[in-house]
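Structure first, commentary second.
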Amino acid sequence: MAASKKPTVIVAGLGDTGALIATRLTRTCNVVGISTRPALVSGQELGTRLIDLPRWRRTYLIPYRRFRKLDSVDVVHGRITNVDFDTSKVSVELASGSTREITYDFFVIATGVSNGFWRHDRLEDLATIDTELSAINAELNGAGTIAVVGGGATGVSVADNLARAGRSKVHLFHSGEEPLPGYHPSVRRWMARQLTTDGVTVHPDHRAVVPSDFRGDQLTHDAVEWSTGQEAFNADVTLWALGGVTPHSAFLPASVLDDEGFVVVDKNLRMPEHPNVFAVGDIAASDPLRSSARNWGFRIVVTNVKELVRNRPTKLKPYKAAEYRWGSILGMQDDGLTVVQPNGKRFRIPRKLAEPLLFSVFVQRILYGGLRKR
């Protein structure tokens, strides 16, 4: 008897979450991965990227050709321009300038969001990626005074890492009494103390005046003014980490999106009206914090696609979000990697263990399934 044909699953977006899903479905499905870049360019650890780009590149900038488990994936360098749910087909604008239509049995949307200069969906090649990374770092390295506007995890990480580097005077402005909204109160208090200890001048209760057409996607040099009444602040460079994100959902009809443009999903991370379509990560309106990327949402999607392939819809797994954000905030430091937990507690993995065990063994071998040498 001839073997049954594998179903086709399209994974839109091969960032951290999409790549993990694609590599885990190759035995069950024919996998097509669509990415605007030819490499995984992680949006994680912006703070360490801005002070030590070579080290950040080794862990967070990985060409897809290095992923052994992507060998059987049809990796498409392009951007989805349209999806037809009735015919289960997507249209892709390829980096070469041509177009391609791809039919699917299952569709996973992991296209993420734009946020500042470090996360976007522009079509890029490796040379352009390297040029942009280097230019941003060079500009910051030459600044005597840096203002960071925004008290979320990105703003805090950037400010603290830049201050620890000791090359600039760093000022962090945020609109609340404490930084890190969405994190456990004890984590917020700890981080407020840590920023001061590490040399950041913190300015709470400052809300910046932001032009309506400015998304924080570039460094600026003009004085920053405040709607909360404080005197304007002049810095050599201002980095904006406002927390406002733009979902990469322009290729989807409004009927499957919430009012902010994020993909509506049910408890199984599926579109309610399209049971063969999933969304996960920052693009998915999975919970108030849209935290399925950090809370192992990729496992839920992989499991549920496999159950549908086996025709066992009653076996689908639900996604459960943590009440508070968690994970590493400052990235790898000289004393190791500090991880905060949803319950407010934290632990530190010493550097001599974190680098070989966490990155080389757990991330590269276990999560990614092995990477080729450069």
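The values are calculated or read from the model by the stated rules, or taken from the named source; none is laboratory data. Please read all numbers here as calculations on a predicted model, not as lab measurements. Cβ sites come from the backbone with ideal geometry, for glycine too, and all protein chains shown count toward neighbours.
Would you please name the residue that is surrounded by the most Cβ atoms within 10 Å (Cβ to Cβ), looking only at residues in the range 241-278 that are closer than 20 Å to V301 by Cβ and of a type in the set (S, T, N, Q)? Working first, answer last.
We begin by selecting, within the range 241-278, every residue closer than 20 Å to V301 by Cβ; these are 247-249, 251-252, 256-258, 262-278.
Filter once more, keeping what is of a type in the set (S, T, N, Q): 249, 268, 276.
Values: S249: 21, N268: 19, N276: 17.
Of everything passing the filter in the range 241-278, S249 is surrounded by the most Cβ atoms within 10 Å (Cβ to Cβ).
Considering each residue of the range 1-55, count those that are among the charged types (D, E, K, R), surrounded by fewer than 19 Cβ atoms within 10 Å (Cβ to Cβ) and within 25 Å of N311 (Cα to Cα), and give that number. Explain how you work it out, then say what you get.
Quick first cut of the range 1-55, residues among the charged types (D, E, K, R) only: 5-6, 16, 24, 27, 37, 45, 49, 52, 55.
From the residues that got through so far, the ones that are surrounded by fewer than 19 Cβ atoms within 10 Å (Cβ to Cβ) too are 5-6, 27, 52, 55.
With within 25 Å of N311 (Cα to Cα) added as a condition, the list becomes 5-6, 27.
Result for the range 1-55: 3.
Pick out the one residue from L308, L337, L357 that is free of Cβ contacts under 8 Å to residues at least 24 places away in the same chain and out of contact with any helix residue (DSSP H, G or I) (no Cβ under 7 Å at 6 or more places or on another chain). Can you show your working first?
Working: L308 fails: free of Cβ contacts under 8 Å to residues at least 24 places away in the same chain; L337 fails: out of contact with any helix residue (DSSP H, G or I) (no Cβ under 7 Å at 6 or more places or on another chain).
Sole residue among the options that is free of Cβ contacts under 8 Å to residues at least 24 places away in the same chain and out of contact with any helix residue (DSSP H, G or I) (no Cβ under 7 Å at 6 or more places or on another chain): L357.
Just the residues that are basic (K, R) and either at pLDDT 95 or above or assigned to a strand (DSSP E or B) (or both), please, taken from the range 67-99.
Step one: of the range 67-99, the residues basic (K, R) are 68-69, 79, 89.
Listed by number, the residues that qualify are R79, K89.
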Q. Is there any pair with a first residue in the range 71-89 that is assigned by TED's automatic domain parsing to the domain that holds C29 and a second that is acidic (D, E) and in a strand (DSSP E or B) whose Cβ atoms are under 8 Å apart and which are 6 or more apart or on different chains, and what are they?
A. G78/E93; R79/E93; I80/E93; T81/E93; K89/E101
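Within the range 315-328, can one find any residue that is among the polar types (S, T, N, Q) and in a loop (DSSP other than H, G, I, E, B)?
No, every residue in the range 315-328 fails to be among the polar types (S, T, N, Q) and in a loop (DSSP other than H, G, I, E, B).
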Q. Filtering the range 363-373 down to residues that are closer than 15 Å to R58 by Cα and part of a helix (DSSP H, G or I), which residue is modelled with the lowest pLDDT?
A. V363
Q. Among the residues of the range 220-246, which ones are of a type in the set (A, V, I, L, M, F, W, C) and more than 20 Å from the chain's Cα centre (by Cα)?
A. A223, V224, W226, A232, F233, A235, V237
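Right, R65: surrounded by fewer than 15 Cβ atoms within 10 Å (Cβ to Cβ) and more than 30 Å from R164 (Cα to Cα) or not? So that I can check it myself, show each step before the final result.
Details: surrounded by fewer than 15 Cβ atoms within 10 Å (Cβ to Cβ): yes; more than 30 Å from R164 (Cα to Cα): yes.
So R65 passes the test.
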